[in-house]
Amino acid sequence: MQKIPFNNCELLPRGSVATIGFFDGVHRGHRHLIAQVCDMARQEGVESVVITFDKHPRQALDDAFQPQLLNFADEKMIHLAHSGVDNCVVLPFDKEMAAMSARQFMESVLHDKMGVSTLVIGYDNRFGHDRTEGFDDYVEYGRQLGIRVVCATAFQYEGISVSSSVIRRLVEEGNVVRANQLLGYPYALLGHVVEGFQQGRRLGFPTANLDIGDYEKLIPAPGVYAVRVRLEERMEMKRAIMNIGTRPTLDNGKQTLETHILNYDGDLYGKRLMVAFDQRLREERRFEHVGQLVAQMREDARMANELFDNELDE
């Protein structure tokens, strides 16, 4: 896939088949849509294009809006690159672009700037100022501009209409198993290990305290999860458990993301980790004394290992 900045759209071959959207998560529904774009482009002998934005559209209208995203920008590009699309154009979404009507956007951006010949619209997607116009309007504007407008077929997974909002709700609830099924890959966090409170090490369960920075990434519900961890510059995924929460038994402080890598002893400070979620093991709990917490942590590790062993046997 070639990533093309908006100001270099002259690099884009004229007459392409395109689709447009924010594509947060690049989930199964998105890839179903992109597959239709790619198939249509191959049939017409032209290139396929995904048009997306550099930020969530609401951020251009509301400076205080803090999106809770399934993908940070680079992660989204990686998933789009694996979708099979030829090109990706990233639009700088600002107040000027947000003020465009669908007709203005189709003429000045899709027709004049990019030379799109066919626009494939997601079955529930709307664009343009206030998103007041719909598919029939797009078809008419396309007829006037020489752009064929096609509605993509819908996609369902086991009876569920797959969307970014549905997946966000599942992640917020801690249902990472279902979220992963709809995404088509494990939900993950990426960050650097920073110094923590050292309490896990004193209890026999050293943890890596993960700082995900300002990625505006959605954090799953508090609780203990079976996860797989990839260490910086390594491909191997290691078994681990992650606790998301305020550590109510110890100090009930601010929320932390603490990962205990099973059967691992090494210095992780400053290293970059990717944590991929497999399953939520339990809710966060407050124990009467530290001994109960340690016993539960041993049980968490046992359950995680059993879960991973069963997956290998399947």
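The values are calculated or read from the model by the stated rules, or taken from the named source; none is laboratory data. None of the values given here were measured: they were computed from a predicted structure. Every residue, glycine as well, gets a Cβ built from its backbone with ideal geometry; the counts of neighbours run over all protein chains shown.
Some values worked out for this structure:
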quantity	calculated
Residue tally, condition of a type outside the set (D, E, K, R) and out of contact with any strand residue (DSSP E or B) (no Cβ under 8 Å at 6 or more places or on another chain), over the range 34-48	3
Qualifying residue in the range 31-41 (condition: over 27 Å from A179 (Cβ atoms) and not acidic (D, E))	yes
Residue tally, condition part of a loop (DSSP other than H, G, I, E, B) and either among the charged types (D, E, K, R) or out of contact with any strand residue (DSSP E or B) (no Cβ under 7 Å at 6 or more places or on another chain) (or both), over the range 1-33	6
Residue within the range 106-124 that is in contact (Cβ under 8 Å) with a residue 24 or more places away in the chain, in a loop (DSSP other than H, G, I, E, B), among the polar types (S, T, N, Q) and buried (at least 17 other Cβ atoms within 10 Å of the Cβ) present	no
Lone unmet requirement of (1) modelled with pLDDT under 95; (2) more than 14 Å from the chain's Cα centre (by Cα) for V17	(1)
Selected residue (only one of D137, D86, D74 is touching a helix residue (DSSP H, G or I) at 6+ places or on another chain (Cβ under 9 Å), of a type in the set (D, E) and surrounded by fewer than 18 Cβ atoms within 10 Å (Cβ to Cβ))	D137
Looking only at the range 214-240, and only at residues there that are within 24 Å of R302 (Cα to Cα) and of a type in the set (D, E, K, R), the one that is surrounded by the fewest Cβ atoms within 10 Å (Cβ to Cβ)	E236
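Let's see how each residue does on (1) surrounded by 18 or more Cβ atoms within 10 Å (Cβ to Cβ); (2) in contact with a Ser or Thr (Cβ under 7 Å, 6 or more places away or on another chain):
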{"residue": "M1", "(1), (2)": "no, no"}
{"residue": "N7", "(1), (2)": "no, no"}
{"residue": "L11", "(1), (2)": "no, no"}
{"residue": "F23", "(1), (2)": "yes, yes"}
{"residue": "G29", "(1), (2)": "yes, yes"}
{"residue": "M40", "(1), (2)": "yes, yes"}
{"residue": "E47", "(1), (2)": "yes, yes"}
{"residue": "F53", "(1), (2)": "yes, no"}
{"residue": "L69", "(1), (2)": "yes, no"}
